[in-house]
Structures are given as structure tokens and as C-alpha cells.
Amino acid sequence: MNKINLKKILVPLDGSNNSFRGLDHAIGLAKLSGASIVGAHVSYVPGNLANPRQGFINQALLKDAKRYLNTAKKRCADNNVTFTSKILAGTPSHGIVKFGQEVRNGINMIIMGTRGLSSAKESFLGSVSNHVVHKSKIPVLLVK
């Protein structure tokens, strides 16, 4: 079995209780390993409009995203864990996988809740977590 040298954990945050449970687990692992946490929120923007420079992110959703990320930042600070945040435009499932796998981001693991705020139903997993588990090339830890 390969040893994972955990340096940076990606935690997708959508404001759901499950996403913050994922954050709590990431904080525990980060404290044990000395890793930092990157909190990411993917603001849904359909298709070819998913270019943040064009300003198509809904401003009300952006305000909510900043609130979620600030809550996560405080939780990490309270636990002496380094936290950075990122707001991405696009679809959550693709945005999480793409950001997590970009070498320049240095992500070693994704920790996320099994279900978020989406109303889509899957047998055991939410549609976003299902996609991430199947498409990610880096380890994914799902939290119920």
C-alpha cells in the first residue's frame, strides 16, 4: 500500500451540513498530518458561460459562497489549520474534479459530504459525490 504524504486537502463546500461534516473530518486529518485545507465552492454556471472573467456568477450565490468559505476559514483557524479558499464557476461535479487534479494546485485528497444541497437523488450517493468518486484520479474520502 502506498503511503499518502498528505499536504493539501480539497473540501468542496456548498453550505450543506454534509459539506461541513466533510470539513470537520478534513480538519482532523490536517491536524494529524500537517496538511492545509483548500475550501472550494463551485457556483453553477451553465455551459460556455462558465468564465468567471465574464462575470456570469450570480451575485446572490456569490455572497452565500463567501459566507460558507468564511465559516470554514474560522473553523480551520480555531483548530490551527491553514485554510485558503477558491470560488469556481461551472458545474460542481466537473469543477471539483478539474480543480483537484490540476497539478499546480497540489491537492492530495478530496474530502466531501455524500450529499449536498442538490435535489438530485442517487441510490447511495449524491450525484456530485458520485461523479467525483468515479472521475477523480486522486483519493476521495466521502463523509456521511
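The values are calculated or read from the model by the stated rules, or taken from the named source; none is laboratory data. Quick caveat: nothing in here was measured; it's all calculated off a predicted structure. Cβ atoms come from the backbone with ideal geometry, glycine included; neighbour counts cover every protein chain shown.
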**Report entry** Pair list, Cβ under 7 Å, 6 or more apart: the range 126-144 residue in contact (Cβ under 8 Å) with a residue 24 or more places away in the chain and buried (at least 18 other Cβ atoms within 10 Å of the Cβ), other residue among the small types (Gly, Ala, Ser) and in a helix (DSSP H, G or I)
**Finding:** Val128/Ser93; His131/Ser93; Val132/Ser93; Ser136/Gly100; Leu142/Ser129; Val143/Gly22
Query raised in the report: Quick one: in the range 7-19, which of the residues that are of a type outside the set (A, V, I, L, M) and farther than 12 Å from Leu142 by Cα is surrounded by the fewest Cβ atoms within 10 Å (Cβ to Cβ)?
Result: Asn17
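For residues that are part of a strand (DSSP E or B) and either at pLDDT 95 or above or charged (D, E, K, R) (or both), tally how many sit in the range 87-111. Outline the logic, then answer.
Within the range 87-111, the first condition is being part of a strand (DSSP E or B), and the residues that meet it are 87-90, 109-111.
From what's left, either at pLDDT 95 or above or charged (D, E, K, R) (or both): 109-111.
Total satisfying the criteria: 3.
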Query - Count of the range 91-112 residues which are touching a strand residue (DSSP E or B) at 6+ places or on another chain (Cβ under 7 Å) and within 16 Å of Lys135 (Cα to Cα) - result: 12
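Could you tell me which residue of the range 56-86 is modelled with the highest pLDDT, considering only residues that are among the aromatic types (Phe, Trp, Tyr) and surrounded by 15 or more Cβ atoms within 10 Å (Cβ to Cβ)?
Filtering the range 56-86 for residues among the aromatic types (Phe, Trp, Tyr) gives 56, 68, 83.
Applying the additional criterion that residues be surrounded by 15 or more Cβ atoms within 10 Å (Cβ to Cβ) yields 68, 83.
On the way: Tyr68: 94, Phe83: 98.
Step by step, filter the range 56-86, then rank; the result is Phe83.
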Query raised in the report: Do we find a residue being buried (at least 18 other Cβ atoms within 10 Å of the Cβ), modelled with pLDDT of 90 or more and of a type in the set (S, T, N, Q) anywhere in the range 114-122?
Result: no
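Does Tyr44 satisfy the condition of being surrounded by 14 or more Cβ atoms within 10 Å (Cβ to Cβ), within 17 Å of the chain's Cα centre (by Cα) and modelled with pLDDT under 90?
Working: surrounded by 14 or more Cβ atoms within 10 Å (Cβ to Cβ): yes; within 17 Å of the chain's Cα centre (by Cα): yes; modelled with pLDDT under 90: yes.
For Tyr44, the condition - surrounded by 14 or more Cβ atoms within 10 Å (Cβ to Cβ), within 17 Å of the chain's Cα centre (by Cα) and modelled with pLDDT under 90 - is met.
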Report task. Output the residues belonging to the range 8-38 that are of a type in the set (A, V, I, L, M) and in a strand (DSSP E or B). Result -> Ile9, Leu10, Val11, Ile37, Val38
